[in-house]
Each structure stands twice: as structure tokens, then as C-alpha cells.
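Single-structure report; data block below.
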Amino acid sequence: MNNNRQEVLKKVAVTHRANLQKNLQHRLEVARSQGDENLVRLLEAEANYIS
């Protein structure tokens, strides 16, 4: 039972991280398309933080 719970928690963590990265990538694309260099720098810093 405990091993199953740990596996589920690991999968949730992996999925959560993937979702964060996907969302961040989208935000970066939008910021770049709008020419918002300040936001791009902030989002790149955030990407470095979560990697």
C-alpha cells in the first residue's frame, strides 16, 4: 500500500512539473510574440528556477 502511494505521488509530481513547464513555455511564446522583453527575462529566470 505504501509503495503504491509513493508511486502515485511520484507520478503526480512528474505530471505537475511537466504542466508547469508547458505553461511556462506558452507564456514565453506569448511574451516573445508581443515583444515584451522584460517579461521574457522574468519568465526565463522562472524557467531556470524550476528546472
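State whether the residues of the stretch 17-28 include one that is assigned to a helix (DSSP H, G or I), open to solvent by 100 Å² or more (accessible area, probe 1.4 Å) and in contact with a helix residue (DSSP H, G or I) (Cβ under 9 Å, 6 or more places away or on another chain).
Restricting attention to the stretch 17-28, the residues satisfying the condition of being assigned to a helix (DSSP H, G or I) are 17-28.
Now drop any that are not open to solvent by 100 Å² or more (accessible area, probe 1.4 Å), which leaves 17, 22, 26.
Subset that is in contact with a helix residue (DSSP H, G or I) (Cβ under 9 Å, 6 or more places away or on another chain): 17.
Checking the stretch 17-28: at least one residue is assigned to a helix (DSSP H, G or I), open to solvent by 100 Å² or more (accessible area, probe 1.4 Å) and in contact with a helix residue (DSSP H, G or I) (Cβ under 9 Å, 6 or more places away or on another chain).
Just so you know, in the stretch 29-51 the residues that are open to solvent by less than 60 Å² (accessible area, probe 1.4 Å) and within 26 Å of HIS16 (Cβ to Cβ) include one that is modelled with the lowest pLDDT, and it is ILE50. If you go through the stretch 26-38 and keep only what is free of Cβ contacts under 8 Å to residues at least 12 places away in the same chain and of a type outside the set (D, E, K, R), you end up with HIS26, VAL30, SER33, GLN34, GLY35, ASN38.
The values are calculated or read from the model by the stated rules, or taken from the named source; none is laboratory data. None of the values given here were measured: they were computed from a predicted structure. Methodologically, a virtual Cβ is constructed for each residue, glycine included, from the backbone with ideal geometry; neighbour enumeration extends over all protein chains shown. These area figures cover heavy atoms from the full protein model, side chains too; ligands, DNA and RNA do not enter into them. Shrake-Rupley method; radii C 1.70, N 1.55, O 1.52, S 1.80 Å.
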